[in-house]
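Shown next, in structure tokens, is the structure this report addresses.
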């Protein structure tokens, strides 16, 4: 198997596994190959793929990513998830948390797939800010057009606003 063709689950992988040492890692939502197979194949080329599904797995395992970084020193980490998934957010947060736990910078990039079609890069600070709802509230008050953008992508939001207000 060529370098970068390995595909395993984060939680089933030993933190010192040889495939991790000095590797370019793609840590992605397990559903990414189904959401956009072509994009997944493109992103996984030349990388060791670690699948994760925060919906199925206990989020306390996210410290394992910090252990992988400390033990195996991957060259880079690219995190790709599905935009709008409340579960996938935890995967992005775990990479930022690994930096905090380790007390060192990690060569990393965050991306989300929007509406199953296109990929956009996310600033790591956006992930940090999303954890602080009071800051998000201030941003919405300052930029109310952001809610209009939400309406374009969120079926949950559209349904909620079609329902009658409770009495």
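Where a number appears in this text, it was derived from the coordinates with a stated rule and is not lab data. Predicted model only: the values in this text are computed from it and were never measured. Reconstructed Cβ throughout: ideal geometry from the backbone, glycine too, with neighbour counts over all protein chains shown.
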*Give the angle, between 0 and 90 degrees and rounded to the nearest 10, that separates the Cα long axis of helix 63-72 from the longest principal axis of the Cα atoms of the chain.*
30
*How many nm separate the modelled label positions at residue 12 and residue 138, each set 7 Å beyond the Cα in the direction of the Cβ?*
4.4
*On a 0 to 90 degree scale, rounded to 10, what angle separates helix 89-102 from the longest Cα axis of the chain?*
50
*How do 79, 147 rank when sorted from fewest to most other Cβ atoms within 10 Å of their own Cβ?*
147, 79
*In degrees, nearest 10, range 0 to 90: what is the angle between the Cα axis of helix 133-142 and the longest Cα principal axis of the chain?*
50
*What is the fewest-to-most order of 107, 24 by other Cβ atoms lying within 10 Å of their Cβ?*
107, 24
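Per DSSP H run of n ≥ 4, the term is -39500 (n - 2.57); total these for the chain, divide by its residue number, and report the mean residue ellipticity at 222 nm rounded to 500 deg cm²/dmol.
-11500 deg cm²/dmol
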*In nm, give the distance between the simple-model label positions of residue 131 and residue 161, each being 7 Å from the Cα along the Cα-to-Cβ direction.*
3.0
*Report the label-to-label distance for residue 24 and residue 106 in nanometres (one decimal), using points 7 Å from each Cα along the Cα→Cβ vector.*
1.8
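Could you calculate the contour length gain from residue 149 to residue 58, that is, 0.36 nm times the residue separation minus the distance between their Cα atoms, to one decimal place in nm?
Full-extension gain reported as 29.7 nm.
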